[in-house]
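The block underneath contains the structure these notes are about, expressed in structure tokens.
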Amino acid sequence: MHDKTIAELAQGLKNKEFSSVELTQHYLDRINASDLNAFITITDEIAIKQAQVADQHIASSQSTTLTGIPYAHKDIFCTHGVKTSAASKMLDNFIAPYDATVSHKLNQSGLVMLGKANMDEFAMGSSNESSFYGAVKNPWDTNKVPGGSSGGSAVAVAGGLSAFATGTDTGGSIRQPASLCGITGIKPTYGRVSRYGMIAYASSLDQAGPLTKTAEDSAIVLNAIAGFDEKDSTSVDTEVPDYTQNLNDSIQGLTIGLPKEFFAEGLDDGVAKAIMAAVKEFEALGAVVKEISLPNSKYAIPTYYIVAPCECSSNLSRMDGVRFGHRCTDPTDLEDLYLRSRTEGFGEEVKRRIMIGTYALSAGYYDAYYLKAQKTRHLISNDFKEAFKKVDVIMGPVSPTTAFDLGSFKDPVSMYLADIYTLSTNLAGLPAMSIPAGLSQKMPVGLQMIGNYWSESKLLNIAHQFQQQTDWHAQTP
Ligand code: GLN
């Protein structure tokens, strides 16, 4: 059962081949037997209850495609009455008193929450090694990382521990783990999915999206979570199309742009080969390929690693042991309370970023760092604007290498460099996807597709056409 897509499972439920309770129990058994550390909390009681309700709805023909489908929910989304930790000791005791809009919408869809997925602490990282609850292992090779920050989510799907998972992407956290684990993931346009109740990392970059086996499944889940939300002032009030509607459109005549900067030094040969083979596949489907340039993409890493820490230093100030978060024992005074609570509650990478952000925002350095970063952010967005005058979609690798060994990055900056191809889309707010495009030394390679604003439907269509033609998405560890 765990090899089936959402679309197939929905059919099986409808045809009474199995019940949602049986399906849920099957996944729970697999989760309990797994040593991949993909979950922080297993919500087995909630799951079985939700599955029972789903079975009643299916029996009375009141079901939709998502009714009774079990999923893993990234532990960054608030879930009413359930621990929501963002993988930090800081929130180890935090039981969310309300649902995030995404959680609410998933509940409304009749889904079954198996548990809260492991992640990098406060979504900071590219390897899922910064979690307070320990590293997550890649099911393709358990000595390797699954990518981050939505590593637990990607592993839940790739390891057959859930039918799909939710993720968030601030600088690549849906696409990069999807790529490293051989699954499909989409980061929608900024403003497409509500951020309400999603623990904020960098508010101007964060966006939620699905991690699934196929593009069709991503379309099904995006249908459920997209849309305007008056509780999130950055969510945009534009119509939400039915993302499953155009999956079968022909892509004859599609213009693909390959940015020369994405194929330069630093890209692993095996990854480059797989990407170029995928591009050939698109040409066979009638697409036309053009070389383009994103000249300012070289500034993506320094720009992102100023903007994101600045925003997180502000967002995480509420974790002070008073308003939110871990509180130290027996503080001598208020300053001691703040100091020790934050020292004890935050991990090393989070502290590093709070310090960088606080420094960059300080009166003496604001112009030199934060203001400069905002200007280069604008240049990066403009590159895309120019590119989309010439092409329909931009393609390239998601990550310069396949999954790397656990513990292999000894310094933070070399880890940051691994985000080179994913950060610029978040800085511009554009939608982007990762789809399985091949293997290199037996490890999955993800193809990145970047679209213009609000082109999720088009991206899903292009991905679906590729998946009708190839079977990389059907390969399992
Ligand atoms: N790897 C990037 C970072 O560490 C992106 C993480 C994310 O998208 N949440 O910030």
- Note on the structure: Magnitude of the Cβ-charge dipole (Lys and Arg +1, Asp and Glu -1) of the chain about the Cα centre, nearest 20 debye, reported as 480 debye
- Message: For a Förster distance of 25 Å, can you work out the FRET efficiency between the beta-carbons of Lys385 and Thr234, rounded to the nearest 0.05?
- Response: 0.80
- Over the chain, what is the relative contact order in whole percent, taking alpha-carbon pairs under 8 Å and six or more residues apart? 18 percent
- So for the chain, taking the charge dipole from beta-carbon charges (+1 Lys/Arg, -1 Asp/Glu), which of Leu371, Thr422, Gly151 sits furthest toward the positive end? Leu371
- Item | Karplus-derived HN-Hα couplings along segment 271-286 (A = 6.51, B = -1.76, C = 1.60, θ = phi - 60°), whole Hz, x at Gly and Pro | 5, 4, 4, 4, 5, 5, 5, 5, 4, 4, 4, 5, 4, 5, 8, x
- Message: Run through segment 1-55 and list the trypsin sites (Lys or Arg not before Pro) located in a DSSP loop whose Cβ has at most 13 other Cβ atoms within 10 Å.
- Response: Lys16
- Highest mean packing first, using Cβ neighbours within 10 angstrom, the peptides 377-383, 196-202 sort as 196-202, 377-383
- Note on the structure: Taking Lys and Arg as +1 and Asp and Glu as -1, residues besides Ala163 with C-beta under 9 Å from its C-beta add up to +1
- What list of ³J(HN,Hα) values in whole Hz, one per residue of segment 8-13 in order, does the Karplus curve 6.51 cos²θ - 1.76 cosθ + 1.60 (θ = phi - 60°) give from phi, with Gly and Pro shown as x? 6, 4, 4, 5, x, 5
- Item | Within-12-Å neighbourhood charge of Val102 [Cβ basis; K, R +1; D, E -1] | +1
- Task: Go through Asn118, Ala163, Ala51 and say which Cα lies farthest out towards the positive end of the charge dipole of segment 45-189; charges sit on Cβ, +1 for Lys and Arg, -1 for Asp and Glu.
- Result: Ala163
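How big is the dipole moment of segment 310-433 about its Cα centre under a simple scheme where the beta carbon of each Lys and Arg is +1, that of each Asp and Glu is -1, and everything else is neutral? Debye, nearest 20, please.
Roughly 440 debye, rounded to the nearest 20.
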- Query: Over the chain, what is the percentage of antiparallel beta bridges among all DSSP beta bridges, to the nearest 5?
  - Reply: 65 percent
- Note on the structure: If amide H atoms are modeled at 1.01 Å from N in the peptide plane, then the residues at a separation of 5 or more from Lys144, or on another chain, having amide H under 5 Å from its own are Asn138, Leu406
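Counting other Cβ atoms within 10 Å, keep those with at most 10, restrict to DSSP loop, and tell me which trypsin sites (Lys or Arg not before Pro) in segment 309-373 are left.
Sparse-neighbourhood loop trypsin sites (Lys or Arg not before Pro): Arg323.
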- With r as the distance between the Cβ atoms of Gln441 and Lys410 and R0 = 22 Å, compute the FRET efficiency 1/(1 + (r/R0)^6) and round to 0.05. 0.50
- Estimated FRET transfer efficiency when R0 is 25 angstrom, pair Lys273-Asp3 (beta carbons, to 0.05): 0.35
- Percent relative contact order for segment 254-394, counting Cα pairs under 8 Å at least six residues apart, stands at 36 percent
- Message: I want the antiparallel fraction of DSSP beta bridges within segment 64-216, as a percent rounded to 5.
- Response: 60 percent
- Item | segment 1-124 - charge dipole about Cα centre, Lys and Arg +1 at Cβ, Asp and Glu -1, debye rounded to 20 | 300 debye
- Sequence of Trp472, Trp454 once ranked by neighbouring C-beta atoms within 10 Å, starting from the fewest: Trp454, Trp472
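The numbers here are math on the coordinates, done by the rules we state, and not lab data. Note that this is a predicted model, so its numbers are computed, not measured. Because the Cβ atoms are built from the backbone with ideal geometry, glycine has one as well, and the counts that use them run over all protein chains shown.
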